[in-house]
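**Q** Sharing a structure here in C-alpha cells format.
The values are calculated or read from the model by the stated rules, or taken from the named source; none is laboratory data. It should be emphasised that the depicted structure is a prediction, and the values quoted were computed from it without experimental measurement. Glycine gets a Cβ as well: all are built from the backbone with ideal geometry, and neighbour counts include every protein chain shown. Areas reflect the complete protein model, heavy atoms only, side chains present, ligands, DNA and RNA absent. Shrake-Rupley method; radii C 1.70, N 1.55, O 1.52, S 1.80 Å.
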Amino acid sequence: MADIIQLLPDSVANQIAAGEVIQRPASVVKELVENAIDAGATQIKVNIKDAGRTLIQIIDNGCGMSDTDARMSFERHATSKIRTANDIFAIRTMGFRGEALASIAAISEVELRTKEHDRDLGTFIHISGSTIINQEPVVCDNGTNFQIKNLFFNVPARRKFLKSNPAELKHIINEIQRIALANPDISISLHHNGSTIYELAGTNKRVRIVSMFGKNINQNLIPIDTETSLVKLTGFIGQPKHAKKTFGEQFFFVNQRYMKHPLFHKAIMQVYGKILPPDSIPSYFIYFDLNPADIDVNIHPTKTEIKFENESAIWQILQASVREALGKFNIVPSIDFDQAGSVEIPMPLHDYGNVHTPEIKVNPAYNPFEKQSPVKNYSGSGSDFLQNPAQRSNQTNWQSLYKGLEPDLSEKTEPTDEPVQFKIEEQQNVKSSVQFKNKYILTPVKSGLMVIDQKRAHERILYERLMQVLENHEVASQQQLFPETFELNASDATLLTSILPDLSALGFDIRDFGKNSFIINGTPGVLNTSTPIEIIESLLEECKNSPANLQEKARETVAISLAQASAIPYGQTLKPNEINELIDNLFACQTPNFSPKGKKILSIMPLDDFEKLLK
Ligand code: ADP
Ligand code: MG
C-alpha cells in the first residue's frame, strides 16, 4: 500500500491553530493590544468597525519591528519573548507562544505598518489568508499599526458562529476594560464606527477605575495594600452599601494580567458575608503581584484562569486584607452565626392573635381622585400582584372546576400548559398556608403537603402579565414622579441600549442620555415597582446569563429576565394575605407548575411519606 501520511501545509496548520487562539473579534483585539504592551507602548489606539467584522485596527507607539522581524512575526512559533523552555518560568510578558499573528494572518487580511524609532523608513506588509501579497518600505510613524480586515473571510463556519454586533462589541469592550485596568499607566482609546467608547489617559489605578466606571464609584472605593513575602496585594474593594446586583465590577489581576478566580471571589464574598444587601456583589479591583515562578503560566493562551503554587496561603492573605480594609472603614463584618441548624418557630396558621408592630405605609402613586382597585404592596420588595379582571374571575373558578381531581404532580418534568389540578384545604375560610425559611410556601392539599417556591411562583405570575402586555399591545407605563438617572459601565450600557426597544414595548420609558447614562421616566404598570434602577441592574445580569441569543425571541427573553429580576426574592417574609394572594395569582396563570425558564414551581409531598417518616 502506498504511504498516505503527509505534513499539513503551514496555511492549513495555522488555520486550525487559529481556531483555538482566535474565537471572535475580541480575541484579535486582546492579542494585538497585549503585543503592543509587550512592545513597550505607552499609547494604544483601537479602532473597530462593525464590531470587528470588517476592521480591527490597533496603533501603538511601541518599539516597532525591523523589516525581517516584521516578516518573521507571522511565522508560527515566532516570538521575541522566550529563547529557551526555561524562560517561561520567569515570563512577565503577555505572549510567548508566537501563535497569535500566524493565526490571525491565516483567517483574515492583515496590513501591517511598523517602524523602529531609529529608522527613517518603516515596513509595510500585506497578507491575506497566510499568503504574503506584498512587502515594501513605507513612510510611517514610530511603532506599529495593524489593520485586520474581513476576519474569518475564509472560514465561513466561524463567521456564522459570531453573535450579534452588540454582543461581539461587548466582548471587545470587556477585553479593553481588563487590559486598561491592568495597565492604568498606558493611554488607551477605543472607537467603534467612528464614535469614542473610551479615551483613557495614562494615570494611576484609582483614576483609571473612575474614568471607566464613572465618578460615582470614587467615594465607594476602599484601598487595599498588603505586602508579604509571598504576594503583594493592592487595589480597591467597594463599600457594601454600594454593592450592585450585577456582575461587572469584579476584577482580579495577577502580574498585570486579568484573571478569573472563582475561589478567590468566594473568599471575598465570605468576608463581606451578611453585611451585603441580599443578592448583591461588591465591587473589587485587586492586583496580585508575585514571583512569576509561583504561578503556572504554561496554560492555554486564551484561558484566564491561573494556578497558584501557594493558593491556600494567598486565600488567607486575601481574606485578611479585605477584612482589614473593611475594618479601617468601620465596616466590620459581624460574626456569622450559622442559622441553618437553628429552630424556626412557624407562623400561626391563622392570622389572629399575633401582634404586629404598628407601621405606616405611604403609597406615593395614590391619587385620591382616581377610582382604583385596592393595591396591596409587598413590604420592601416594591412588587405587587395587580390583578386583571380576567384572572380574577379565573381564580374564583379554578377551585370548583377541579374539585376532587388530584393527579400526582411530582412525576411531571416537562413544562405543560395544562392547569394543575388539586384542591387546597381551607379551614374557617382562611387558607392554612405558611411560609417556610422565607423561601417556600407550604400548603396542605388533600393528598399531602404542597411546597411552592415563592420566587419562581412570582416569576410565573409576572411573566404571564408581561407577555399579555406584549400580545395585546396594552403598554401601560407608570410615570415616575421623580425620574431617576443612572450610569452604567460601557458594556452594560451597550447591552441596555440594545434592549431598549423591547423594554419600551413592555412599558419602560428609558432615555439614553449619552456617556453611558440613562434616565428612567416610567416603568411597566404591571410591575408597580418603586426601585426601577435595581430592577434594571438585575435585568442586565439576567440577560447576560441568558443562553438564548437576544436577537431571536428578544422580547420573550427580556420578559423572562424582567420577571426574574422583579420577582419577590428569597429571604423576604410574606404576610398571610400576601401568601394567599400569591397562591391565588399563581393558579390563575396558564402554566402554574413551571417557571418561565421551565423550573418546577411546586411539588406535593404525599401523605404516605409523612406516615412513613413517623413509623
Ligand atoms: P508572542 O506575542 O507570543 O511572541 P505573536 O504572534 O503575538 O507571539 O507575536 C510575534 C512577535 O511579533 C512578538 O514576539 C514580537 O516580537 C512581534 N510583535 C508583535 N506585535 C508587535 C508590536 N505591536 N510591536 C512590536 N513587535 C511586535
Ligand atoms: Mg502575542
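**Q** Looking at the stretch 18-52, which of its residues are within 16 Å of ligand 2 (Cβ to nearest atom) and either open to solvent by 10 Å² or more (accessible area, probe 1.4 Å) or of a type in the set (Lys, Arg) (or both)? Let's see the steps before the verdict.
**A** Just the residues of the stretch 18-52 that are within 16 Å of ligand 2 (Cβ to nearest atom), to begin with: 18, 20-23, 26-41, 44, 46.
Across the stretch 18-52, the qualifying residues are Glu20, Gln23, Ser27, Lys30, Glu31, Glu34, Asn35, Ile37, Asp38, Ala39, Gly40.
**Q** Let me ask something else. Which one of the conditions (1) in contact (Cβ under 8 Å) with a residue 60 or more places away in the chain; (2) out of contact with any Pro (no Cβ under 7 Å at 6 or more places or on another chain); (3) outside any strand (DSSP E or B) does Thr226 fail to meet, given that it meets all the rest?
**A** Condition (3) is where Thr226 drops out.
**Q** Taking into account only those residues within the stretch 128-153 that are within 16 Å of ligand 2 (Cβ to nearest atom) and β-branched (Val, Ile, Thr), which is farthest from the chain's Cα centre (by Cα)?
**A** Thr144
**Q** Can you tell me which of Ile133, Ile173 is open to solvent by less than 70 Å² (accessible area, probe 1.4 Å) and of a type outside the set (Gly, Ala, Ser)? Don't jump to the end; show me each part of the working.
**A** Details: Ile133 fails: open to solvent by less than 70 Å² (accessible area, probe 1.4 Å).
Testing whether each residue is open to solvent by less than 70 Å² (accessible area, probe 1.4 Å) and of a type outside the set (Gly, Ala, Ser) leaves just Ile173.
**Q** Still on this structure, please answer the following. Does the stretch 158-177 include one or more residues that are farther than 16 Å from Ala26 by Cβ and within 16 Å of ligand 1 (Cβ to nearest atom)?
**A** Checked against the condition, which is being farther than 16 Å from Ala26 by Cβ and within 16 Å of ligand 1 (Cβ to nearest atom), the stretch 158-177 yields no hits at all.
**Q** Pull out all pairs, ordered by first then second residue, where Cβ-Cβ is under 7 Å, the residues are six or more apart or on different chains, the first lies in the stretch 83-98 and is aromatic (Phe, Trp, Tyr), and the second is modelled with pLDDT of 70 or more and surrounded by 13 or more Cβ atoms within 10 Å (Cβ to Cβ).
**A** Phe89/Pro292; Phe96/Thr79; Phe96/Lys81; Phe96/Ile82
**Q** Restricting attention to the stretch 59-82, report how many residues are free of Cβ contacts under 8 Å to residues at least 12 places away in the same chain and either more than 14 Å from ligand 2 (Cβ to nearest atom) or among the acidic types (Asp, Glu) (or both). Can you show your working first?
**A** Just the residues of the stretch 59-82 that are free of Cβ contacts under 8 Å to residues at least 12 places away in the same chain, to begin with: 68-69, 72, 80.
Subsequent filtering for residues that are either more than 14 Å from ligand 2 (Cβ to nearest atom) or among the acidic types (Asp, Glu) (or both) retains 68-69.
Residues in the stretch 59-82 being free of Cβ contacts under 8 Å to residues at least 12 places away in the same chain and either more than 14 Å from ligand 2 (Cβ to nearest atom) or among the acidic types (Asp, Glu) (or both): 2 in total.
**Q** Taking the conditions exactly as written (of a type outside the set (Lys, Arg), out of contact with any helix residue (DSSP H, G or I) (no Cβ under 7 Å at 6 or more places or on another chain), at pLDDT 95 or above and open to solvent by 50 Å² or more (accessible area, probe 1.4 Å)), does Asp67 satisfy them or not? Give the steps one after another, and end with the answer.
**A** Details: of a type outside the set (Lys, Arg): yes; out of contact with any helix residue (DSSP H, G or I) (no Cβ under 7 Å at 6 or more places or on another chain): yes; at pLDDT 95 or above: yes; open to solvent by 50 Å² or more (accessible area, probe 1.4 Å): yes.
Taking the combined requirement at face value, the residue satisfies it.
**Q** So which residues in the stretch 112-127 are open to solvent by 30 Å² or more (accessible area, probe 1.4 Å) and not basic (Lys, Arg)? Before the answer, list the steps.
**A** Residues of the stretch 112-127 that are open to solvent by 30 Å² or more (accessible area, probe 1.4 Å), as a first pass: 113, 116-121, 126.
Of everything in the stretch 112-127, those that are open to solvent by 30 Å² or more (accessible area, probe 1.4 Å) and not basic (Lys, Arg) turn out to be Glu116, His117, Asp118, Asp120, Leu121, His126.
**Q** Does Ile125 fit the bill of being part of a strand (DSSP E or B) and in contact with a His (Cβ under 7 Å, 6 or more places away or on another chain)? Write out each step before concluding.
**A** On the way: part of a strand (DSSP E or B): yes; in contact with a His (Cβ under 7 Å, 6 or more places away or on another chain): no.
Here the answer is no, as Ile125 does not meet what is asked.
**Q** Checking the structure you have, find out if any residue of the stretch 77-99 is under 16 Å from Asn145 (Cα atoms) and within 11 Å of ligand 1 (Cβ to nearest atom).
**A** So in the stretch 77-99, the residues under 16 Å from Asn145 (Cα atoms) come out as none.
Checking the stretch 77-99: not a single residue is under 16 Å from Asn145 (Cα atoms) and within 11 Å of ligand 1 (Cβ to nearest atom).
**Q** Right, next: Going by the conditions given, is Ser195 open to solvent by 10 Å² or more (accessible area, probe 1.4 Å), touching a Gly at 6+ places or on another chain (Cβ under 8 Å) and among the polar types (S, T, N, Q)? Give the derivation first.
**A** Values: open to solvent by 10 Å² or more (accessible area, probe 1.4 Å): yes; touching a Gly at 6+ places or on another chain (Cβ under 8 Å): no; among the polar types (S, T, N, Q): yes.
No; evaluated as a whole, the condition is false for this residue.
**Q** Pick from the stretch 108-118 the residues that are away from ligand 2 (no atom under 16 Å from the Cβ) and in contact (Cβ under 8 Å) with a residue 12 or more places away in the chain: which of them is farthest from Asp10 (Cα to Cα)? First the steps, then the outcome.
**A** Initial filter on the stretch 108-118 (away from ligand 2 (no atom under 16 Å from the Cβ)): 109, 111, 113, 115-118.
Next cut, in contact (Cβ under 8 Å) with a residue 12 or more places away in the chain only: 109, 111, 113, 115-117.
Details: Glu109: 16, Glu111: 20, Arg113: 24, Lys115: 27, Glu116: 28, His117: 32 Å.
If we take residues in the stretch 108-118 being away from ligand 2 (no atom under 16 Å from the Cβ) and in contact (Cβ under 8 Å) with a residue 12 or more places away in the chain, then His117 is farthest from Asp10 (Cα to Cα).
**Q** Right, another one. So which residues in the stretch 145-169 are modelled with pLDDT of 90 or more, in contact with a Ser or Thr (Cβ under 8 Å, 6 or more places away or on another chain) and either open to solvent by less than 30 Å² (accessible area, probe 1.4 Å) or assigned to a helix (DSSP H, G or I) (or both)?
**A** Ile148, Leu151, Phe152, Leu169
**Q** Go through the stretch 484-501 residue by residue and tally those that are open to solvent by 20 Å² or more (accessible area, probe 1.4 Å) and within 16 Å of Leu527 (Cβ to Cβ).
**A** Counting residues in the stretch 484-501 that are open to solvent by 20 Å² or more (accessible area, probe 1.4 Å) and within 16 Å of Leu527 (Cβ to Cβ) gives 1.
**Q** So which of Ala51, Ala102 is at positive phi and touching a residue at least 40 places away in the same chain (Cβ under 8 Å)? If you could, list the steps in order and put the result at the bottom.
**A** Details: Ala102 fails: at positive phi.
Being at positive phi and touching a residue at least 40 places away in the same chain (Cβ under 8 Å) holds for just one of Ala51, Ala102, which is Ala51.
Conditions tested, residue by residue: (1) within 22 Å of Asp38 (Cα to Cα); (2) surrounded by fewer than 18 Cβ atoms within 10 Å (Cβ to Cβ).
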| residue | (1), (2) |
| --- | --- |
| Glu249 | no, no |
| Met259 | yes, no |
| Pro282 | no, no |
| Ile295 | yes, no |
| Thr304 | yes, yes |
| Phe308 | no, no |
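**Q** Here are some conditions: (1) closer than 23 Å to Pro184 by Cβ; (2) away from ligand 2 (no atom under 13 Å from the Cβ); (3) in contact (Cβ under 8 Å) with a residue 24 or more places away in the chain. Gln15 meets all but one. Which one does it not meet?
**A** Status for Gln15: all satisfied but (1).
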